[in-house]
Structures are given as C-alpha cells and as structure tokens.
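Taking it in order: structure first as structure tokens, then the write-up.
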Amino acid sequence: MHPRWGAALAITVLSLSGLVAGTVPASAGPPVVSCTFTPTPENPAARPVLQPPPVALGVGTMDVTFQFNYGPVTIRLNRAGAAPCGVQNMASLVLQRFYDQNQCWRLTDSARLGVLQCGDIYEVEKGGPGYQFPDEVDGTETYERGTVAMGNQGPGTNGSEFFIVHSFAHIPANYSVLGQVVSGMDVLDRMVAAGITPTERGPLDGLPAQPVVITSAHLG
C-alpha cells in the first residue's frame, strides 16, 4: 500500500468517525449500515484513491464545500437519508482530494433537465475512482432545485460522478440523493447564465460555455 494512500484512508475513517462525536449517546453507539464498494479493473481509477470503509454512519449531517472558479458552493450531506454509503463515498473522495482541480464537463438547462454534472476526471462519464457501488433509492426521490445526487451510467454504477440541480430535473428516481445546497446557488446561477456549448445531445446540454472547475473541496 502506498503510504500516502494509507494515510488518506486513515484520515477518512477518523474524520468520518469524529464527525459523529457528541451527536449520539455513547451508550447507544452510532447507527451504521453496510456498504459494498466493488473494484472496476476495466475502468481503473483516474486518480489514485482508496475505497471508503465498508460501513457508513447513518446519523446526522456533514457539510462539504466545493470551491469553484465561480465561487464556493456548500452542500449539506444527509447521512441519515436514503444514501449513507453515497455520503461516505463523497466525504472519502473529498478527504483524498480526488475532486481538486476537476473540470465539470456537463451543464444542462432544458425543460426536462437543469443540472451541473461534476466528478468525472477526463470527460462526461469518464474518469472515476476505480470502484463502484449500488444505488440507494426507494422510488420516492425527487430532484428539486438545490438537490445533490449521484450520477451514474446505469444501475449500480455509482463512483465519483454527481450532479447539482440548478432548476429542476424531471427524471426517474434512479439517482441516489446525497443532500442539498445550503449556500452558493447564486454561483450555479452565474454558471448557467454564462451559457452552454451545444452538442449532439442538444443546444442546452453540453460543456459550460465558460469552463467550470472545482479548484478544491473540503469538509465543512
């Protein structure tokens, strides 16, 4: 194991555990759920990261701030919601700096779909963390403005990709909801106002007309 990767995993475990301290009675112990992260050797990691631990906390919230070149966007991740493994995955990738200096490759603003998609290192749906994990959905998911959810390429293919809804998303309940934007929707609005480069998917579905980059990401 590479020393830096091992340190990153240790930090991940300690940080995730520490975020619960003081929120759950010691006698009760924090509720946890099992997670399954499966390596994808056919689609190796775009940047070297370790898989998250195979259990996730199922209580409380945690904030993640993505510092975009347009400004900061803070997301409140809900560990007690339907997708605790997805929340743990995002926290792990943030702690391992997977998202730093990462361009967002897709912006949409149609009557059906208004989202910013990020987390792919190379291009749309290419360049993940080298593993995948199952969907965490119950069929009641909705995707209003400010919703943050996992992106995927089909059932059970979650990795590093996620999207933020800047208007609304009239899509099936196939995408695990991680949480909500609590600060920075104006930053998303300015990205949308800057325009979209048309593609074969349509005139309102493509690269942001002006590059959108996550310069850094951190917990809190």
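The values are calculated or read from the model by the stated rules, or taken from the named source; none is laboratory data. On a predicted model such as this, the values are computed, not experimentally measured, just so you know. Positions of Cβ are backbone-derived with ideal geometry, glycine not excepted, and every protein chain shown enters the neighbour counts. Just the protein is used for accessible areas: all its heavy atoms, side chains included, with ligands, DNA and RNA removed. Shrake-Rupley method; radii C 1.70, N 1.55, O 1.52, S 1.80 Å.
Which of the residues that make up the stretch 97-126 are crowded, with 20+ Cβ neighbours inside 10 Å and small (Gly, Ala, Ser)?
Of everything in the stretch 97-126, those that are crowded, with 20+ Cβ neighbours inside 10 Å and small (Gly, Ala, Ser) turn out to be 114, 119.
For the stretch 144-161, give me each residue that is open to solvent by 20 Å² or more (accessible area, probe 1.4 Å) and not in a loop (DSSP other than H, G, I, E, B).
Answer for the stretch 144-161, where residues must be open to solvent by 20 Å² or more (accessible area, probe 1.4 Å) and not in a loop (DSSP other than H, G, I, E, B): just 144.
Can you find a residue that is in contact (Cβ under 8 Å) with a residue 24 or more places away in the chain, touching a helix residue (DSSP H, G or I) at 6+ places or on another chain (Cβ under 7 Å) and closer than 20 Å to residue 62 by Cα anywhere in the stretch 203-216?
Looking through the stretch 203-216, none of the residues is in contact (Cβ under 8 Å) with a residue 24 or more places away in the chain, touching a helix residue (DSSP H, G or I) at 6+ places or on another chain (Cβ under 7 Å) and closer than 20 Å to residue 62 by Cα.
Scan the stretch 128-140 for residues that are at pLDDT 95 or above and either in a loop (DSSP other than H, G, I, E, B) or more than 28 Å from residue 46 (Cβ to Cβ) (or both) and jot them down.
Passing the criteria: 128, 129, 130, 134, 135, 136, 137.
Out of the stretch 29-66, which residues are open to solvent by 60 Å² or more (accessible area, probe 1.4 Å) and part of a strand (DSSP E or B)?
32, 34, 38, 39, 55, 61
Give me the pairs, please: first residue somewhere in the stretch 73-90 and assigned to a helix (DSSP H, G or I), second residue anywhere and surrounded by fewer than 24 Cβ atoms within 10 Å (Cβ to Cβ) and among the β-branched types (Val, Ile, Thr), beta-carbon distance under 7 Å, and either six or more positions apart or on two chains.
So the pair list comes out as 84/33; 85/33; 90/64.
What number of residues within the stretch 162-195 satisfy the criterion of being open to solvent by 30 Å² or more (accessible area, probe 1.4 Å) and under 22 Å from residue 121 (Cβ atoms)?
Selection size over the stretch 162-195: 1.
Please go through the stretch 196-215 and pick out each residue that is touching an Asp or Glu at 6+ places or on another chain (Cβ under 9 Å), surrounded by fewer than 16 Cβ atoms within 10 Å (Cβ to Cβ) and within 25 Å of residue 98 (Cα to Cα).
If the condition is that a residue be touching an Asp or Glu at 6+ places or on another chain (Cβ under 9 Å), surrounded by fewer than 16 Cβ atoms within 10 Å (Cβ to Cβ) and within 25 Å of residue 98 (Cα to Cα), then 215 is the only one that fits.
Go through 213, 137 for me and flag whichever is β-branched (Val, Ile, Thr) and closer than 16 Å to residue 68 by Cα.
213
Taking residue 90 as meeting all but one of (1) more than 17 Å from residue 131 (Cα to Cα); (2) buried (at least 24 other Cβ atoms within 10 Å of the Cβ), write down the number of the exception.
The single condition residue 90 does not satisfy is (1).
Identify, please: which residue in the stretch 188-220 is under 17 Å from the mean Cα position of the chain (by Cα) and of a type in the set (A, V, I, L, M) and is, among those, farthest from residue 106 (Cα to Cα)?
Across the stretch 188-220, the extreme among qualifying residues is 219.
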